[in-house]
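Enquirer: If you scroll down you'll find the structure; I have some questions about it.
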Amino acid sequence: MSGSFRFSISLSPLHSNEFPRIPVTKPRIHVPVPKPMTVALSKVVSPLRVAAPGVMIAAAGLEVDRVTEAELKENWFRSTRRTKIVCTIGPRTCEFEEIEALAVGGMNVARVNMCHGTREWHRDVIQRVRQLNEEKGFAVAVMMDIEGSEIHMDDLNEAESAKAEDGQIWTFTVRAFDQPSRPERSITVNYDGFAEDVKVGDELLVDGGMVTFVVIEKIGPDVICRCTDPGLLLPRANLTFWRNGSLVRERNAMLPTISSKDWLDIDFGIEEGVDFIAVSFVKSAEVIKTLKSYIIDRSPGSQIGIIAKIESIDSLKNLEEIIRVSDGTMVARGDLGAQIPLEQVPLVQHEVIQLCRQLNKPVIVASQLLESMIEYPIPTRAEVADVSEAVGQQADALMLSIESAMGQYPEKALAVLRSVSLRIEKCRREEKHWDVTNLRIISSSKLDEISEEICNTTSRMANKLKADAILVYTKTGRTASLLSRNRPDCPIFAFTPSTSIRRCLNLQWGLIPFRLDFSDDMESNLNRTFSLLKARAMIKSGDLIIVVSDVMQSIQAIKVP
């Protein structure tokens, strides 16, 4: 027997979307008088099976990947990484062993970009991620990023890249060429009105300014340009053009957010059971609502989350409405920086992160985090400072794009994100830089507001008592998400019986998701969980744990027996 201090704030089970149990006529709050010390018995469960190295141990229904388990054993609770990492899968990282290496290195979400590759290629990648999860116990989620109706170049006839040199003359045209008939230094553009919209003297920016041209002549469907800022042209890079210091939008602004190709890709994503769909160039909340309705109609009960990419002027005009209806947001700084002055990008990033936090939506900071590592094995110091700023702002996740898809050093780039995140997070804790953000009430009903306040109180209690971890038992994931929103000082162990919810929770700050079948008997759940975690050396006797549940709407402070 071991000593166990218990403090409990309990609510009777209430009926709501998050707590679908027995309805009662009046909610009541019961605060028992805490005893200075009580003795608790912990039931012993059967010992865990021994598995081969690298294989998930799932005895008694507890599933957690070996990397998380190793981190907890080696570094203990407060050294676990809170900031999540999204990796784009491309030619450099598409084989099973390469995807596994990324997962071992800290990848939480695998992104497939529908701008590149065939659906068959992406299907193979998704299946490999699923295989990895099943065989090794990972909870890597899959995010499918659809192309959107942007103006972009062609695929460069499947070439990996092309170099544009200073002063070279290039032709951008709406004509399509067969490989033998393609003129040298010519690029096909997907927007039929391109030649009509541009004027001589306009600046043409490729991929947000990575390469710049100036229009010197128009001949029918052809736009003749001179390269003024040389660089690397990548397949299907987006194009924007500026006139007299202002972005030229014209007919491009009237293009639909979701193209006909995108709808076919969405059908593909639903069929493959992706966890998230990222929508490019979102202009209004209606786009997200329409897509959600479509997914529900095509796949009732689907839990696919919709990520709104903030990368255009139109997105900024309707920012809060878009974030409210989405399931998450991505700050796509590359395309955004092509549409607003560069000096505004950091301000927009901070605004989006704070607004997502207030509205309880996970936010991803993306684009050019470690651009130099496409070619070099170490990042620039400025890039490290940029990553540090995003971590310090407490974004939920950071994303690698070309760095992991086509770069020379994908695993090293991932290691940089991981090490910088760990160091900045540790610094905040050492400086006692607890988050004191005044979070607004976002619940639409009184019952949901109660659960929201419970999570807020739990986080404050965990910080004040210097708890080692928070344990949350959740069937829908909402309680875990509300805890993450508070950014507590300790990690959050989220137990859910749903495999898909476990994967989705892997995008959110500070959450360590487990798959575990649990009952309505919280005492039994706790004893069983403690036994399982202690048997794997993931917790030890004397650890102070705060326990929250959407089964009983309760808070308990417990010392592990």
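Enquirer: In square nanometres, what is one fourth of the surface area of the convex hull spanned by the alpha carbons of the chain?
Expert: That works out to 26.4 nm², a quarter of the Cα hull's surface.
Enquirer: Reachable aspartates and glutamates from LYS446, Cα under 19 Å, same-chain residues fewer than 8 places away excluded?
Expert: The qualifying aspartates and glutamates are GLU18, ASP550.
Enquirer: I'd like the antiparallel share, as a percent to the nearest 5, of DSSP beta bridges with both residues in the stretch 80-228.
Expert: 60 percent
Enquirer: Specify, per residue and in Å³, the volume enclosed by the convex hull of the alpha carbon atoms belonging to the stretch 152-254.
Expert: Dividing the Cα hull volume of the stretch 152-254 by its residue count gives 92 Å³.
Enquirer: Ok, one more. Please report the carbon-and-sulfur percent of the accessible area for the stretch 167-238; probe 1.4 Å, protein heavy atoms only, DNA, RNA and ligands left out.
Expert: Numbers: 1620 of 3270 Å².
Roughly 49 percent of what the probe reaches on the stretch 167-238 is carbon or sulfur.
Enquirer: Would the stretch 446-560 count as rounded, prolate or oblate if I go by the C-alpha gyration tensor, calling it rounded below 1.5 in a/c and otherwise prolate when a/b exceeds b/c, oblate otherwise?
Expert: Because its axes are fairly even, with a/c under 1.5, the stretch 446-560 counts as rounded.
Enquirer: Right, here's the next one. Residue farthest toward the positive end of the dipole of the chain, with Cβ of Lys/Arg at +1 and Asp/Glu at -1: which of ALA164, ALA494, ILE374?
Expert: The one lying farthest along the dipole's positive direction is ALA494.
Enquirer: Show me, for the stretch 363-377, the HN-Hα J-couplings you get by feeding each phi into the Karplus relation (A = 6.51, B = -1.76, C = 1.60, θ = phi - 60°), rounded to Hz, glycine and proline as x.
Expert: Those phi angles translate into 10, 10, 9, 10, 5, 6, 5, 9, 4, 5, 7, 4, 10, 10, x Hz.
Enquirer: Here is a further query. On a full-extension model of 0.36 nm per residue, what is the gain between ARG381 and GLU97, subtracting their alpha-carbon distance, rounded to one decimal in nm?
Expert: Numbers: separation 284, 0.36 × 284 = 102.24 nm, distance 3.04 nm.
That works out to 99.2 nm of additional length.
Enquirer: Which percentage, to the nearest 5, of the DSSP beta bridges contained in the chain is antiparallel?
Expert: For the chain, the DSSP antiparallel bridge percentage is about 50.
Enquirer: Next up: Efficiency by 1/(1 + (r/R0)^6): what FRET value for ASP192 and ASP124, r their Cβ-Cβ distance, R0 = 30 Å, to the nearest 0.05?
Expert: E between ASP192 and ASP124, to the nearest 0.05, is 0.35.
Enquirer: If you find the alpha carbon centre of the stretch 179-222 and of the stretch 124-159, how far apart are they in angstrom?
Expert: Centre-to-centre distance over Cα atoms comes out at 29 Å.
Enquirer: Gap in Å between the Cα centre of the stretch 439-472 and the Cα centre of the stretch 263-331?
Expert: 28 Å
Enquirer: Please give the length that would be gained between VAL200 and LEU255 if that part of the chain were fully extended, namely 0.36 nm times their separation in residues minus their C-alpha to C-alpha distance (nm, one decimal).
Expert: Contour length minus the Cα-Cα distance gives 17.5 nm.
Enquirer: Work from the charge dipole of the stretch 443-487 (Cβ charges, +1 for Lys and Arg, -1 for Asp and Glu, about the Cα centre) and give the residue of THR479, MET461, SER444 farthest towards its positive end.
Expert: Of the listed residues, the answer is MET461.
Enquirer: Separate question: Tell me the carbon and sulfur percent of the accessible area for the stretch 446-560, rounded to whole percent, probe radius 1.4 Å.
Expert: That share works out to 53 percent.
Enquirer: A follow-up question, please. Normalising by the residue count of the stretch 152-254, find the relative contact order in percent from Cα pairs under 8 Å and 6+ residues apart.
Expert: Numbers: 220 pairs, mean separation 36.5, N = 103.
Relative contact order for the stretch 152-254 comes out at 35 percent.
Enquirer: Right, another one. Go through the stretch 326-332 residue by residue and turn each phi into a ³J(HN,Hα) via Karplus (6.51, -1.76, 1.60, θ = phi - 60°); whole Hz please, and just put x for glycine and proline.
Expert: 8, 9, x, 9, 10, 8, 8
Enquirer: What distance in nm separates the simple spin-label points at PHE177 and SER419, each placed 7 Å from Cα in the Cβ direction?
Expert: With each label point 7 Å from Cα toward Cβ, the separation is 4.5 nm.
Enquirer: Toward the positive end of the charge dipole of the stretch 119-208, about the Cα centre and with charges on Cβ (Lys, Arg +1; Asp, Glu -1), which of THR188, PHE177, VAL140 goes farthest?
Expert: VAL140
Enquirer: Classify the stretch 347-488 from the C-alpha gyration tensor, please: rounded if a/c falls under 1.5, else prolate or oblate depending on whether a/b exceeds b/c.
Expert: In terms of gyration-tensor shape, prolate.
Enquirer: Same structure again: For labels at SER388 and HIS350 in the simple 7 Å Cα→Cβ model, what's the distance in nm?
Expert: Calculated label separation equals 1.7 nm.
Enquirer: Let me check against my output: what whole-number percent is the relative contact order of the chain, with C-alpha pairs under 8 Å and at least 6 apart?
Expert: Relative contact order here is 19 percent.
Enquirer: Using 0.36 nm per residue, how much length does the chain from LEU342 to SER541 gain when fully extended, once their Cα-Cα distance is taken away?
Expert: This chain segment gains 66.4 nm when fully extended.
Enquirer: Given the DSSP H assignment, sum -39500 (n - 2.57) over each helix run of at least 4 residues in the chain and divide by its residue total; what's the result at 222 nm in deg cm²/dmol, nearest 500?
Expert: Rounded to the nearest 500, the figure is -10000 deg cm²/dmol.
Enquirer: Collect residues whose amide H, placed 1.01 Å from N in the peptide plane, falls under 5 Å from the amide H of ASP154; neighbours closer than 5 in sequence don't count.
Expert: THR188, ARG236
Enquirer: Which entries in LYS136/LYS261; LYS292/LYS317; LYS464/LYS540 show an alpha-carbon gap greater than 28 Å? All intermediate terms of the calculation are to be shown ahead of the outcome.
Expert: Details: LYS136/LYS261 34 Å; LYS292/LYS317 21 Å; LYS464/LYS540 21 Å.
Beyond 28 Å between Cα atoms: LYS136/LYS261.
Enquirer: Need one number: convex hull volume per residue for the stretch 338-399, Cα atoms only, in Å³. Could you put the intermediate results ahead of the total?
Expert: Working: hull volume 5.6 nm³, N = 62.
Convex hull volume per residue, Cα atoms: 90 Å³.
Enquirer: Based on the alpha-carbon set only, what is the convex hull volume of the stretch 145-201 divided per residue, in Å³?
Expert: 129 Å³
The values are calculated or read from the model by the stated rules, or taken from the named source; none is laboratory data. These figures come from a predicted structure and were not determined experimentally. Ideal geometry is used to build each Cβ from the backbone, glycine not excepted, and the neighbour counts take in all protein chains shown. For accessibility, only protein heavy atoms count, side chains too; no ligands or nucleic acids. Shrake-Rupley method; radii C 1.70, N 1.55, O 1.52, S 1.80 Å.
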